[in-house]
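Structure, as structure tokens:
The values are calculated or read from the model by the stated rules, or taken from the named source; none is laboratory data. Just so we're clear, the structure is a prediction, and the values are computed from it rather than from any experiment. For neighbour counting, all protein chains shown are included, and Cβ atoms are generated from backbone atoms with ideal geometry for every residue, glycine included. Surface accessibility is based on the protein's heavy atoms, side chains included, excluding ligands, DNA and RNA. Shrake-Rupley method; radii C 1.70, N 1.55, O 1.52, S 1.80 Å.
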Amino acid sequence: MKGVRGLLLQRTSPGPEGLTYIAERRRRKGPLEPKMDHLVCFLPGLLALGHFHGVNTGSRFDPIDLELAEELMLTCYEMYRCIPTCLSPEIVFFIPHDRGDDYPKQHHMDVGGGDFTVKRQVRSAAAQ
């Protein structure tokens, strides 16, 4: 978790209004991609379970795992809630910014203009 906290943990905007997510990095020194796979939504449960069994994966200066679990769980909840079908997409792209009007004001149910967007499926000519 030290590497996740230090290298991948991101917010859509600073302050309590932003959504917390775990970004992706394709290469070791490559740029961060502001997207999160829906399977990351298992991480809050693992962190909470560890917390209640006396395990904290952060340093003494990091927020406790339960706080991180709550922040990530809110993001995961919103991934499901804001889609009209209530089914989360497999991959969610976040739009980082530093404005003060972040979530929930910039959080829309459409596939653009909010904190996250749905990745559109591109079908090849052979599959059609």
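Between L66 and L49, residue separation times 0.36 nm minus the direct Cα-Cα distance comes to 5.2 nm.
Tell me, what is a quarter of the convex hull surface for the C-alpha atoms of the stretch 41-80, in nm² with one decimal? Walk me through the numbers on the way to the answer.
Values: hull surface 10.3 nm².
Here the figure is 2.6 nm², rounded to one decimal.
Full extension of the chain segment joining L8 with E33 gains 8.1 nm, where the gain is 0.36 nm per residue of separation less the Cα-Cα distance.
The share of accessible area on the stretch 1-59 that comes from carbon and sulfur is 62 percent, using a 1.4 angstrom probe. In this label model, L74 and R25 are separated by 2.5 nm, measuring between points 7 Å along each Cα→Cβ vector. Rolling a 1.4 Å probe across the protein heavy atoms gives the stretch 32-83 an accessible surface of 58 Å² per residue.
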